[in-house]
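So the structure is just underneath, and the comments pick up after that.
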Amino acid sequence: MINPKLTLKATVPSRSAASSYLKKPGDAVIVDRQGPRWLILMCPCGCGEEFPINLDSRAGPAWRLYKHERTGLSLYPSVWRKSECKSHYIIWRNQIFLFNRYEEDFYGKTRKDESLRLTIVVREKFPIRGYISFYDIAEIIGEIPWDVLMACRWLVREGFANEGIGKLKGSFKRR
C-alpha cells in the first residue's frame, strides 16, 4: 500500500463550509479569512475523523503551511493526534507519511530535483562549532524544513556532517 496523498479540495471562508469537501482520508480544506487560519484534514489513518490544524499563531500553537505551485503543500511540524486515533504523520510535498505505517517511506525518500543545490546550501549553514537545527537552517534559507532534513541526513550518510543525539536529534554540525 502507498502512503496517502494530501488532496486539497477547496479554500473556504469558514470552518462550517469545510466538511462537505472532506470524503476520503487525506482530503483537505484550507479555511482562509484574510490569511490561512486552519487546515481541516480528513484523518489519513482512515478513522473517519476531521482534524483541524491551526495555522494562525495568534490563536495559539500553530503549524506552518508551505504552499508551492510545483511541489504542493507541506506542513511543519509533524501532526500528532493526542486523542481519538492517536495518528502521527508528516505532510510533505502533497504526501502524508503516517508513522508506524509509512515512516520508512519518509526516511527513505530521496529527491533528484534540486537536491544537490540544496545540499550545498545546507552544508554552508552548518556552524564550525556546535549544532544547528534543520528547522533553523530552513528558516534561514527559506526552504521547506522536511527538504532540509533530508539534505542534512544525506550529508550525515556521506560523512560530511554529524547529527546530535538525545535533545540534539534533528540538529547538525560539520564533520
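The values are calculated or read from the model by the stated rules, or taken from the named source; none is laboratory data. These numbers come from a predicted model, not from an experiment. Reconstructed Cβ throughout: ideal geometry from the backbone, glycine too, with neighbour counts over all protein chains shown.
What to note about this one:
- Scanning the range 1-23 for residues that are closer than 18 Å to Phe97 by Cα and modelled with pLDDT under 95 yields Met1, Ile2, Asn3, Pro4, Lys5.
- Complete set of residues in the range 1-24 that are farther than 19 Å from Thr71 by Cβ and crowded, with 21+ Cβ neighbours inside 10 Å: Ala18, Leu22
- Taking every residue in the range 85-96 that is in the same structural domain as Met42 (by TED's automatic domain parsing) and on the phi < 0 side of the Ramachandran plot and pairing it with any residue that is of a type in the set (Lys, Arg) and part of a strand (DSSP E or B), at least 6 positions away or on another chain, the pairs with Cβ-Cβ distances below 9 Å are Gln95/Lys5; Ile96/Lys5.
- Filtered residues of the range 62-77 (kept if modelled with pLDDT under 95 and not basic (Lys, Arg)): His68, Glu69, Thr71, Gly72
- Given (1) in contact with a His (Cβ under 6 Å, 6 or more places away or on another chain); (2) at pLDDT 95 or above, index of the condition Trp80 fails: (2)
- Hits in the range 66-84 (condition: assigned to a strand (DSSP E or B) and either at positive phi or surrounded by 15 or more Cβ atoms within 10 Å (Cβ to Cβ) (or both)): Tyr66, Gly72, Leu73, Ser74, Leu75, Tyr76, Ser78, Val79
- Selected residue (only one of Ile30, Ile40 is closer than 19 Å to Ser87 by Cβ, surrounded by 15 or more Cβ atoms within 10 Å (Cβ to Cβ) and at pLDDT 95 or above): Ile40
- When the residues of the range 125-155 are filtered to those that are out of contact with any helix residue (DSSP H, G or I) (no Cβ under 7 Å at 6 or more places or on another chain) and closer than 30 Å to Glu69 by Cα, the one that is surrounded by the fewest Cβ atoms within 10 Å (Cβ to Cβ) is Gly142.
- Near pairs, Cβ below 9 angstrom, 6+ apart or cross-chain, from the range 140-165 (not assigned by TED's automatic domain parsing to the domain that holds Thr119 and among the aliphatic types (A, V, I, L, M)) to any residue that is surrounded by fewer than 20 Cβ atoms within 10 Å (Cβ to Cβ) and part of a helix (DSSP H, G or I): none
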